[in-house]
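Here the structure is laid out as structure tokens; the discussion comes afterwards.
Derivation of every value follows stated rules applied to the coordinates shown; laboratory data play no part. Everything quoted here is computed from the prediction, not taken from an experiment. Here the Cβ positions follow ideal geometry from the backbone for every residue, glycine too, while neighbour counts run over all protein chains shown.
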Amino acid sequence: MIEFTDITAWIHSLLLSVMTPTWTYIVELVLSGITILVVLLVCVIIMVYMERKVAGFMQLRWGPNRVGPYGIFQVIADVIKLLLKESFSPNRADKVMFNIAPALALCVSLMALAPISWAPGLTMWDTNIGILFITAISSMGVIGILMAGWSSNNKYSIIGAMRSGAQIVSYELSAGLSIVTAVALAGTLSTNGIIQSQADGWWILKGQIPAIIAFLIYVIASTAECNRAPFDLAEAESELTAGYHTEYAGMQFGIFYLNEYINMAIVSIIASTLFLGGWMPFHLPFDYPVVHMFNHIMDFIPTWIWFFGKMFMVIFFMMWFRWTFPRLRIDQLLKLEWKYLLPISIVNLFFAAVIIVLHWYL
Amino acid sequence: MTKKELKQYLEVTYPNLEVKETFNFPLLLVNKEDVIPVLKQLKDAPETRFNFLFCETAVDQNPNLEMIYHLSSTYYHHDLEVKVILEERENPIIDSVYSLWEAADLYEDEIYDMFGIRFKGHPNLRRIMLTDEWNGFPLRKDYQDDKIISL
Amino acid sequence: MENQPIPSPTELRTEEFVVNIGPQHPATHGVLRIEATLDGETVKNILPHLGYIHRGIEKMTESMLFKQSIYLTSRMDYLSAHINNHACSLAVENALGIEVPARAKVIRIIMDELQRLTSHELWWGSCAMDIGAVTPFFLGFRDRERILEIFEANTGNRLTMNYITPGGIMRDVLPTFVTDVKELLKKIKGYRHEYDQLITGNFIFQHRTQGVGYLSKEQAISLACSGPVARASGVSCDVRKHYPYDGYEKLDFQEVIDYGCDNWARYVVRMEEMKQSIHIIEQLLDNFPTGDYRTKIKGVIKLPLGEYYQRVETARGELGVYIVADGSNKPYRMKFRTPSFSNLGAVKPTTVGLKIADLMANMSTIDLVVPDIDR
């Protein structure tokens, strides 16, 4: 089988033979950025289609089935429609902030893609502070939302933006503590290092109870971070008609829509990296010959299937929540975070520390 | 109390008021000035306890306007109809029963909107169904509107 | 603004702002404009503005024959169309002393109770959707469609049926009516556990509705609330029990009363009422009478001079039809005492002091239908 590292080594040698090392570096940066963007956009297209089909089947209806066989070209039709619409701004809106807000939200989300490890040896920026960088950058996402709500000059947008800001800032704490738990179990902040440490079994199995609790809290907290139901009051359709992005039309709204799905993708990639092994196949940590054979068989499934399979599984759970649960009110949402999730995360971290020091994990 | 018993009770309690009956309920005719005291007594008296104002409306009998109150009791499940005849058509004013039953809030807004009867003591009398600039009171029999087309 | 005291440097100065919710809004169940004064998230005052769907039904009835007014009543509360027609027909029949045959009475009650079921199914779907869960909307409509199919097969129409007329019903039901309805009830009972699992037993839904939107018993009586809104506050006001009509006195069903006074109580009362409706229909289907489906009324209907009042229990509460007749073939005045008009007064006391999200939850459990309010 062709390894990804072979392809990257071949491209590297090809470029070095043509231009100087500095230029090679710059061209490689641009190429890897474009590749990751393309992969991500394909993932987003699949996610949007998946959301509408999953929603349809859960609601006893078909979902899109007219545009293309089984409706697979529906997303492309939607994108073309959004591109052809006029992007206007309200009369008294703050024009500069109004136009920058979607771009800012998108840039922040895309920057968080840099340290992610997609396959063995395939990381855009392999640094030893990868996870820290991702959490730091995704905290900046709230600025884009607040700017969008404030500059729209619309009472509904301001209410939605304020709710959303409070929600995101609160849930970052729980999400961060879950990440710290996983990092403490793995011993390193680098994404590659965390995945390599799961070579003999995913952390959700090895770490036992603290890891399972941390995973559940991370999934709940990150659903709140993405403004997805049941925490979607910022865009609660039946209350405020679209909240902070009420006044946006055309592609600017499309950028917010895209941003939501990119956030979902990033969050599920991080969940699968930290707890489910990233691109690492499913290995059992026991030392028997039959287990070794099983591990060997698991290695035959390509790493990209593992990676994208785990990512889409976590995304499917997030979509399942959306179509099942009602919405939480803002004070119930904040109460859930500050009175329940945060203390549980802190206690969980303490128990994880105890387990690590005493080497009680498998 | 049944309809007959209620009629007898009213004849005894209000000897100076006219007591008749309609198809379903006994009917008590009250003067405009006595509306609040009589209705308050009907609401508080332990034999009747009319605490449920289930309908309040007006009828335009040329040349008078009539206010109709339909009362009921959640304790005894008997009903009563009270009628007040208003003589003047130009600017009819009557006391509001909002202080007795809060349901009168919306009922009396609608009566003002449709008939033009004003209510003293109502918290916020406004035109509720039609726009604020509407001229005339549609449910009166002499309502003229250029936009009505008769077929 | 100038007379406000100057705040001390440590006080945070906030302003209240006024937001219009509606008239075009996914959650107001019609065209209703609510002017809400908000202080942050908290609701300080509510002022409803009506009239967006005012069609002048009461003025129109003054120029229509009694039989023609039936068509107008369907359009008032379109989710209780059969029951509205029933009210108008009963008023005319009682005034003229017409006796309706037994088969017609039974069919009328079955249609009424099926209509109550459709109304509550739609209420369930949109209540869950207002609180945030979208899937129950489709589930509620799935059951409603099955009942509407029966309506369409027997009466010709899905929404404004005009089937119950003075004297009986417009035309006889199909020969397969009893078996159709029996099958339908079996299916609907089978879906009950889905509703209980999905929404009634849902932790988030219970937290959104329990303890929210308190309407005390005295206030419910003072505001003349009726129907499930009043019954959830402990007021016994079911017209079918206290002023029975058309055979309800012979049926065995319970009046569902809860003393919780909050949104959860109103939810539970309506879910239980659906069960009671199914029970009533089953009793009637067991001994379905044969015979005539109407008594023919000769000539044009002329009500004798006087005032007539008829009350029925719609899905929303007590509907009253008040006719002032002057002996001619048209009513002198016909007033409809609609339940949603009085229940609208319950929105303000339940919501002041709570959040915007609770305003939506309250309006959906009070179950307003705006054409009923505006007429």
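Binning the alpha carbon pair distances of the protein assembly as shown at 10 angstrom intervals from zero yields the distribution 2, 11, 18, 19, 17, 13, 9, 6, 4, 1, 0, 0, expressed in whole percent. Under 20 Å from a label point set 7 Å out along the Cα-to-Cβ vector of B:Glu133, the amide N atoms of the range C:28-56 belong to C:49-54.
Put one equal scatterer on each alpha carbon of chain C, apply the Debye formula with no solvent term, and list log10 I(q)/I(0) at q = 0.09 1/Å to two decimals. The calculated log intensity ratios at q = 0.09 Å⁻¹ are -0.53.
Cβ crowding within 10 Å ranks C:Ser236, B:Ser73 as C:Ser236, B:Ser73, fewest other Cβ atoms first. Positive contributions from Lys and Arg (+1) and negative ones from Asp and Glu (-1), summed over other residues with Cβ under 15 Å from the Cβ of B:Met1, come out at -2. A quarter of the convex hull surface defined by the alpha-carbon atoms of the range A:93-184 gives 6.8 nm² as the mean projection. Normalised by 2.2 N^0.38 Å, where N counts its residues, the alpha-carbon radius of gyration of the range C:133-263 equals 1.32. Applying 1/(1 + (r/R0)^6) with r as the Cβ-Cβ distance of A:Ser87 and B:Lys32 and R0 = 56 angstrom yields a FRET efficiency of 0.30. Using the rule -39500 (n - 2.57) for each DSSP H run of four or more residues, divided by the residues of chain B, the 222 nm mean residue ellipticity is -6500 deg cm²/dmol.
Summing charges over all other residues whose Cβ lies under 12 Å from the Cβ of C:Gly30, with Lys and Arg as +1 and Asp and Glu as -1, gives -3.
Counting only Cα atoms, the range C:227-291 measures 46, 21, 13 Å along its principal axes, largest extent leading. Each Cα pair under 8 Å and six or more residues apart adds its sequence gap; the mean of these over the residue count of chain A is a relative contact order of 20 percent.
Treating r as the C-beta distance of B:Phe23 and C:Thr179 and R0 as 41 Å, the FRET efficiency rounds to 0.50.
Using r as the Cβ-Cβ distance of B:Tyr75 and C:Asn94, and R0 as 25 Å, what FRET efficiency do you calculate, to the nearest 0.05?
Numbers: r = 26 Å, r/R0 = 1.02.
About 0.45, to the nearest 0.05.
The range A:85-357 gives an Rg/Rh value of 1.01, both radii derived from C-alpha positions and Rh following Kirkwood. Rg and Dmax of the range A:295-358, both derived from C-alpha coordinates alone, stand at 18.3, 50 Å. Based on the Stokes-Einstein relation at 10 °C and a viscosity of 1.306 mPa s, and on the Kirkwood radius from alpha carbon pairs, the range C:220-375 is assigned a translational diffusion coefficient of 89 µm²/s.
When the inverse distances between all different Cα atoms of the range A:1-81 are averaged and flipped, the Kirkwood radius reads 15.7 angstrom.
Taken residue by residue and averaged, Cβ atoms of other chains lying within 10 Å of the Cβ of C:131-140 number 6.
Compared with the dominant Cα axis of chain C, that is its longest principal axis, helix C:102-131 is turned about 20°. Here chain A is scanned for trypsin sites (Lys or Arg not before Pro) in DSSP loops (not H, G, I, E, B) that have at most 11 other Cβ atoms within 10 Å, and the longest stretch holding none of them is A:93-362. Springs between Cα atoms under 10 Å define the GNM used for chain A, and in it the highest mean-square fluctuation of A:Ala214, A:Ala352, A:Ala103 occurs at A:Ala103.
Output the relative contact order of chain C, whole-number percent, from Cα pairs under 8 angstrom with separation of 6+ residues. Could the numbers behind the result be given before it?
On the way: 676 pairs, mean separation 93.4, N = 375.
Computed value for chain C: 25 percent relative contact order.
Placing +1 on the Cβ of every Lys and Arg and -1 on the Cβ of every Asp and Glu, with no other charges, gives the protein assembly as shown a dipole of roughly 1380 debye about its Cα centre. A convex hull fitted around the alpha carbon atoms of the range B:1-111 yields 102 Å³ per residue.
Using a simple spin-label model with pseudo-atoms 7 Å out from Cα toward Cβ, A:Leu173 and A:Thr127 lie 2.7 nm apart. Distance from a point 7 Å along Cα→Cβ of B:Gln61 to each backbone N in the range B:1-27: keep the residues under 13 Å and list them by number. Residues B:18-23, B:27 fall inside that zone.
How far, in degrees from 0 to 90, does helix C:135-155 lean away from the longest principal axis of the Cα atoms of chain C, to the nearest 10? That works out to roughly 20 degrees. Radius of gyration over Kirkwood radius for the range A:109-153, both on Cα atoms: the Rg/Rh ratio is 1.18. Shielding of peptide B:49-57 by partners, expressed as the average count of other chain Cβ atoms within 10 Å per residue Cβ, is 6.
Two tests apply to each whole DSSP H helix in chain A, Cα reach of 30 Å or more along its axis and mean Kyte-Doolittle hydropathy of at least -1.0, and the ones passing both are A:21-58, A:155-186, A:251-274, A:303-324.
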